[in-house]
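Coordinate-derived values only; no laboratory data. Because the structure is a prediction, the values reported are computed rather than measured. Every residue, glycine as well, gets a Cβ built from its backbone with ideal geometry; the counts of neighbours run over all protein chains shown.
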Amino acid sequence: MDWECCWDRDVIALGDCPNIHEGDEDLLESPRRRILEKCCDCSNFRRDLERFQSSGHPLGPVFSLIHDEYRRQKIHIQSLLSFLDSKSLEIRFFHELGSVLQSSVDLEEVLSVALTAITAGRGFGMNRAFLLMTDHKRDHLQGYLAIGPRNFEEAHQVWDEISHNDMDLQTLAQNFRKNKLSAERAKFHDILEQISVPLSNTTHILIKALDGKQPILIEDAYHHPDVDPDFARLLGVDTFLLMPLVSRNRRVGMIIADNCITHRRITAEDMHSLETFTFPVAFAIERASLYERLQEELNRVTEAHTKLKEQQELIVRMEKMALVGRITSSIAHSIRNPLMVIGGFARSMLKNTPDGDPKRNFIESIVGEARQLEGVLDEILNYSDSLYPTRDFWDVNQLVETALRESAAALRTRGYGSTFSAGSELPLAYIDFKQVSYCLRTILQCDLNGIGPPRTMDIDTHREADTVIIRIRDHGRYLPQEELDTIMMPFSSTQVMGASLGLALCKTILEKQGIPLNAQSVPEDGIFFTIALPIRKEDQ
Amino acid sequence: MSRLLVVDDEANIRLLYAEELADEGYEVVTAAGTAEAVEKLQEGAFDLAVLDIKLKNESGIDLLQKLVKERHDMPVILCSAFSCYKDDFSAWLADGYVVKSGDLSELKQEIARVLAKKAQRQKAGL
């Protein structure tokens, strides 16, 4: 019998078999492999088999039976292999997803990964996903984030882009977070802001799904008995999937996914896969949220600790300064009397020393030095006084006007001009008027080095939160910030006694009342002082 | 010539006051403490007293209260190393308050002012 198929030949050439093409050359000399892999599906072989069957040979029908069964088994094996391949991909995807979700405590990263996984082609391949989260008080379920195209053109563009850049899930999520998160949030803002459902509203389909802890596939949403038509209109689709996110019985949120562009049917298998996926997502979101809250608490504790430390340092400093105050007061008093005697007798002698007497210069020096030392003593004793302030509510503008009036002569002597811009409707400040007034006068009159034109001083008052601010902009003086800081430091070793002790004293007096005095050196513009006076008793 | 009583526990300060105030034309009598001051007051009348507040273990304020009670016609000027007593209510009983200084101009002005006021009062028959 002449056979159409080449199964009976040991060696064939390319073109002898319609099913053997370039690349299959190794089959040309292997009849066994050729029969098993190619002949079974070859029309020539099938015809040979039919001829053999019709030849009346008793084995003819048996061969046909075996051939059909072989083909059926082959198709079955191929479908099993295909199923295995898809499951391998799924496992690989879940592994990838799981490793990201398990390792991240960054809420935005977790959300980016979750939503990307739902919408990515190599993930669940849904067109669009919305994430709703329970609020901090756990009162409401609210729209939080969404991902997906809003129309076909956009979808086409995005999917093209993704197909050109063959990225794994983590890279896709990172890319989304870095480049698209804000834009997507803004894009779906109109929808997200309208989704806010009280968790107590158990008739709402979202809360029903959340309480039921099971995904719900909503079909024909516009006519669905459990779905509010307004909600369906808001989403703009009639079929969507609700996937509750529940972690350890805690209602974390909800994912709504749909195929608003392709309208691909959501299958039971999709639902099953997504349900498996939501468990780690819910857990990761919950963990990331907790971590975020923990960070907030940690920041609060750190901030409180810093404040406490500052307060503690301030207390220690104040205690040291109070001690220094008591000591200096005592010393000052002991020095005052002899100094008075020295200065007093020197003056007496000066009166009785005729002009031209060479001793007169020496005596004048004694008088001058004694006067300067008395000035220093006054400052030190003022500091001691400042340890026990008496506070009340005072008009700050009146305080400034009084200080300016009392400083007018001193400012005139130095050739200074001043302006005052009084803030309107200022609340009363809770201060020791006498002490703050002293400080203000000292700042206005302080005798710093570096005086020069323009000799102007601009003062203004205004309100800032719970304080009334007095700002003094002295355009006539300039000192480097470091030098200014040193001058503001009470009794610092580098300080020239007498010349600027007043500023350090002011800082001490004000700090003791809980009033910060800030002195800032502004290059080529002078020195700016800021005093923040409290308006409430409890702020001190 | 007005008679002044100066009370201060520091001998040199008493000497300074005596010299300087005598130059201004006052008759100056000094005392080192409360007991001595009371003694001098019993010996004769004074037109004005200048008191230090811190007198070793005594208080010039106590002496002031005694003088206001017993010699209400004699004005008193407090002279102290501390400015804080200016705000002390008990110091307000005095007719004047001067912070100690080697420059006695302020004290001299205050003495002149208080004595002039006293003269005015006497003239008015108060």
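In terms of Cα atoms, the Rg and Dmax of segment A:1-78 work out to 13.0, 39 Å.
When only Cα pairs under 8 Å and 6 or more residues apart are kept, what is the percent relative contact order across chain B? Show your work: numbers first, answer last.
On the way: 180 pairs, mean separation 25.9, N = 126.
Relative contact order of chain B: 21 percent.
Judged by a Cβ-Cβ distance under 4.7 Å, the unpaired cysteines of chain A are A:Cys5, A:Cys6, A:Cys17, A:Cys39, A:Cys40, A:Cys42, A:Cys260, A:Cys446. Among B:Leu78, B:Leu55, B:Leu107, the largest mean-square fluctuation in a Gaussian network model of chain B, built with springs joining Cα atoms closer than 10 Å, belongs to B:Leu55.
With coordinates expressed along the principal axes, the C-alpha atoms belonging to segment A:89-294 extend over 44, 41, 32 Å, beginning with the largest. Sorting B:Met1, A:Met489 from the fewest to the most surrounding beta carbons within 10 angstrom yields B:Met1, A:Met489.
For the residues A:Phe393, B:Phe46, A:Phe52, what sequence is obtained by ranking on other C-beta atoms within 10 Å, fewest first? Kindly include the intermediate steps, with their values, before the conclusion.
Working: A:Phe393 13, B:Phe46 22, A:Phe52 17.
Sorted ascending by nearby Cβ count, the order is A:Phe393, A:Phe52, B:Phe46.
Using a Gaussian network model of chain B with C-alpha springs under 10 Å, which one of B:Asp62, B:Asp23, B:Asp47 is most mobile by mean-square fluctuation? Comparing B:Asp62, B:Asp23, B:Asp47 in a Gaussian network model of chain B, the most mobile one is B:Asp23.
Compute the FRET efficiency between A:Leu80 and A:Arg300 as 1/(1 + (r/R0)^6), taking r as their Cβ-Cβ distance and R0 = 60 Å, and round to the nearest 0.05. Efficiency, from the Cβ-Cβ distance: 0.55.
Please compare each pair in A:Lys320/A:Lys434; A:Lys512/A:Lys537; A:Lys38/A:Lys87 to a cut-off of 22 Å on the Cα-Cα distance and tell me which ones are over it. Show your work: numbers first, answer last.
Values: A:Lys320/A:Lys434 24 Å; A:Lys512/A:Lys537 14 Å; A:Lys38/A:Lys87 28 Å.
Pairs exceeding the cut-off: A:Lys320/A:Lys434; A:Lys38/A:Lys87.
Within segment A:137-202, the ratio Rg/Rh, alpha carbon atoms throughout and Rh by Kirkwood, equals 1.10. Average projection, convex hull of the Cα set of the protein assembly as shown: 57.3 square nanometres. For A:Arg463, the residues 5 or more places off, or on other chains, whose built amide H falls under 5 Å of its own are A:Ile469. Shape analysis of segment B:3-123 based on the Cα gyration tensor places the equivalent ellipsoid semi-axes at 18, 17, 16 Å, largest first.
Where does each of A:104-113, A:197-206 land if you order them by average Cβ count within 10 Å, highest first? Don't jump to the answer; show the numbers that get you there.
Details: A:104-113: 20.4, A:197-206: 14.6.
Order by mean packing, descending: A:104-113, A:197-206.
Mean partner shielding of peptide A:345-351, defined as the number of other chain Cβ atoms within 10 Å of each residue Cβ, is 3. Placing dummy labels 7 Å off each Cα toward the beta-carbon, the span from A:Ser88 to A:His272 is 2.1 nm.
For segment A:231-355, the equivalent ellipsoid derived from the Cα gyration tensor has semi-axes of 85, 18, 8 Å, listed largest first.
Looking at the protein assembly as shown, the DSSP beta bridges with both ends there are about 70 percent antiparallel.
For the peptide B:94-104, the mean number of other protein chain Cβ atoms found within 10 angstrom of a residue's Cβ is 5. The gain in end-to-end length when the A:Glu29 to A:Asp16 segment is fully stretched comes to 3.5 nm, 0.36 nm per residue minus the alpha carbon separation.
Consider a paramagnetic label point 7 Å from the Cα of A:His67 along Cα→Cβ; state which residues of segment A:28-52 have an amide N under 20 Å from it. Residues passing the 20 Å test: A:31-52. By the rule of a C-alpha distance below 17 Å, with chain neighbours fewer than 8 residues away ignored, the lysines paired with A:Lys187 are A:Lys178.
The convex hull defined by the C-alpha atoms of segment A:390-539 has an orientation-averaged projected area of 8.4 nm².
Shown for chain A are the DSSP H helices of 24 Å or more along their axis, judged by Cα atoms, with a mean Kyte-Doolittle hydropathy of at least -0.5: A:60-103, A:268-351, A:359-385, A:396-413. Below 8 Å between Cα atoms, with a sequence gap of 6+, how large is the relative contact order for chain A in percent? Result for chain A is 8 percent.
DSSP assigns beta bridges within segment A:390-539; of those with both partners inside it, close to 85 percent run antiparallel. Inter-chain Cβ neighbour count for B:10-18, averaged per residue, equals 3 (cutoff 10 Å, partner chain atoms only).
Dividing the mean sequence gap of close Cα pairs (under 8 Å, 6+ apart) by how many residues segment A:89-294 holds gives a relative contact order of 26 percent.
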